[in-house]
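To keep things clear, I will list the structure first and then write my remarks on it.
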Amino acid sequence: MHDVIVVGAGLAGLRCAGLLAAQGLDVVVLDAADAVGGRQRTDIVDGFRVDRGFQVLNPAYPALRRSVDLGALALGSFPVGVRVRTEYGTAELRHPVRHPLSLVTTLRSGLVNAADAVALARWAAPALVRPLSRLAQNDVSVREGWDAAGLRGPLRTAVLEPFLAGVLAERRGETSNAFAQLLVGFFALGRPGLPAQGIAAVPEQLAARARTAGADIRLGSGVERVSARGDGMQVDVVDGDSVRAARVVVAVGPDAVADLTGLPGPTTNGLQTWWFAAVEPPTTSALLTVDGRGPGPVVNTVVMTHTVPSYAPAGRHLIAATCLLPRDGDAAEENDVRRHLSDIWGVDVRAWELIRRDDIADALPAQPAPLGAARSPRYADRLYLAGDHLDTASIQGALASGERAARAVLADAGSLGPSVAAPS
């Protein structure tokens with residue numbers, strides 16, 4: 001009988017398994033997929049690196065810095081700012097501290113006035129000095145948070161609302177104000193980007209570390225049942241032998257939580273990403289572009305290869321376009337997406353080759369207000385949970401949840417050592 005079985009080889013499960021194995025426990029990781037990563041996967045399609053949906057990696061996340069060697073990822077960093085399509089053309093808004101020379105251009109864009117700038121600072125500043133627990137006190141929706149800060153002009157309607165729609169996977173402003181402040185704070189402190197080999201490089205590094213520590217990662221091993229058996233736990237594997245351990249950590253995605261635990265599945269928001277290839281890029285800018293004129297199917301679009309050239313073969317460019325994927329409405333169609341992209345970029349996109357379309361129904365756990373504290377990983381005797389649905393809907397949340405589950409297992413097993421990550 002093993003010490004611990006971790007069900008799920010996503011970020012939370014791999015981080016948990018690596019910490020447990022490093023403490024000398026006999027750990028087995030089971031996952032139905034053919035590669036590690038969960039929602040953080042990268043495929044090679046016709047020579048292009050295509051992530052499972054548009055993703056970014058923020059090196060400012062504390063749990064990420066604890067978990068991986070960022071230097072080994074060879075991150076390409078997006079510019080800190082946003083490109084906005086307006087009724088009069090396009091405007092670029094960049095981080096005023098990192099790009100002070102852009103301040104005059106920003107003020108001339110018509111998207112920022114003095115009142116909005118002050119209101120944005122009033123709204124965002126708390127995230128730079130307060131922990132999330134303080135931000136979440138008396139939490140309201142982000143829509144109400146902006147109203148309270150006096151943020152009502154074009155900086156909100158043409159920039160923040162379309163930008164955060166793609167980050168939060170919802171455009172109604174129902175997300176927790178504290179969570180939105182936290183994310184914007186991380187954007188201000190870090191330079192989000194992507195590994196040269198794709199987002200999958202993160203879970204691959206976590207898996208390599210876990211294996212080096214002694215963890216056994218078994219792919220193609222779908223789990224259909226977790227149950228208590230005597231003084232331990234039994235995990236039944238689809239078309240395979242059952243595996244037993246003293247303890248089990250369930251670290252599956254939001255879509256599979258209910259099947260293995262009986263808990264209600266967390267509410268999630270969906271995203272749809274379209275990947276196009278072109279010989280000529282529509283712009284020389286590497287900034288993420290949003291449409292400030294109102295909702296269209298595309299919430300953001302970016303030329304990936306201006307930041308990570310390795311995402312495309314030589315002489316080609318990869319363009320991502322992301323739309324919301326509503327549960328109660330129709331998904332965007334290719335003709336509408338191409339029409340909107342042509343309008344946003346101001347170029348003819350009919351010759352662009354569609355590489356792939358990703359519909360991710362459970363892209364992110366919803367984070368409505370009020371934001372609750374991170375949930376305990378202890379679900380039942382000898383049974384633990386991990387995943388970003390227990391923390392914050394982010395890579396930070398997934399990794400921190402994996403750490404929290406590992407600490408709980410080690411404490412209950414009497415094996416807590418000094419090298420386990422400190423609480424976040």
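Bear in mind these aren't lab numbers, they're just calculated from the coordinates by the rules spelled out. Everything quoted here is computed from the prediction, not taken from an experiment. Don't worry about glycine lacking a Cβ; one is built from the backbone with ideal geometry, like all the others, and counts go over all protein chains shown.
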Checklist entry - Could you work out the helix-only [θ] at 222 nm for the chain, with each DSSP H run of four or more residues adding -39,500 (n - 2.57) and the total divided by the number of residues, to the nearest 500 deg cm²/dmol? => result -8000 deg cm²/dmol
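Could you order peptides 249-256, 28-35, 79-86 by the average number of other Cβ atoms within 10 Å of their residues, highest first? If you can, show how the numbers build up before the last one.
Details: 249-256: 23.1, 28-35: 19.6, 79-86: 21.4.
The packing order, highest mean first, is 249-256, 79-86, 28-35.
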Checklist entry - Quick one: putting +1 on the C-beta of Lys and Arg, -1 on the C-beta of Asp and Glu, what dipole do you get for the chain around its Cα centre, in Debye to the nearest 20? => result 1360 debye
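What ratio of Cα Rg to 2.2 N^0.38 Å holds for the stretch 299-395? Each step should come with its number before you reach the end.
Numbers: Rg = 19.0 Å, N = 97, 2.2 N^0.38 = 12.5 Å.
Normalised Rg, Cα atoms only: 1.52.
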Item to check | Farthest toward positive dipole pole in the chain [+1 Lys/Arg, -1 Asp/Glu at C-beta], among ALA215, ALA32, ILE395 | outcome: ILE395
Checklist entry - Where the centroid of each part is defined by its Cα atoms, how far is the stretch 152-214 from the stretch 53-77 in Å? => result 11 Å
Checklist entry - Per the Kirkwood treatment, what hydrodynamic radius in Å, one decimal, follows for the stretch 46-92 from the mean inverse distance over all distinct Cα pairs? => result 14.0 Å
Checklist entry - Within the stretch 35-89, which chymotrypsin sites (Phe, Trp or Tyr not before Pro) sit in a loop by DSSP and count at most 12 neighbouring Cβ atoms inside 10 Å? => result TYR88
Checklist entry - Quick one: Cα convex hull volume of the stretch 111-189, Å³ per residue? => result 80 Å³
Next on the checklist: Explain nothing, just the number: relative contact order of the chain, from Cα pairs under 8 Å at least 6 residues apart, as a whole percent.
Outcome noted: 25 percent
Checklist entry - Looking only at LEU57, LEU390, LEU120, which one moves most when the chain is put into a Gaussian network model with springs between Cα atoms under 10 Å? => result LEU120
Checklist entry - Please state the Cα pair-distance histogram of the stretch 175-257 with 5 angstrom bins from zero: what percent is in each bin? => result 3, 10, 12, 15, 17, 14, 9, 11, 7, 2, 0
Checklist outcome for this item: About its Cα centre, the stretch 111-189 carries a charge dipole, from +1 on Lys and Arg Cβ atoms and -1 on Asp and Glu Cβ atoms, whose size in debye to the nearest 20 is 120 debye
Next on the checklist: Would you work out the Kirkwood radius for the chain? I mean one over the mean of 1/r across all pairs of different Cα atoms, in Å.
Outcome noted: 22.4 Å
Item to check | Semi-axis lengths, Å, the stretch 1-59, gyration tensor of Cα atoms, sqrt of 5 times eigenvalues | outcome: 28, 13, 8
Checklist outcome for this item: Computed over the stretch 89-233, the Cα gyration tensor eigenvalues, each multiplied by 5 and square-rooted, give semi-axes in Å (largest first) of 40, 21, 15
Item to check | Amide hydrogen neighbours beyond the local backbone of VAL252, cut-off 5 Å, H modeled | outcome: ALA386
Checklist outcome for this item: If exposed means GluC sites (Glu not before Pro) lying in a DSSP loop and surrounded by at most 15 other beta carbons within 10 Å, then the longest stretch of the chain lacking such sites spans residues 88-332
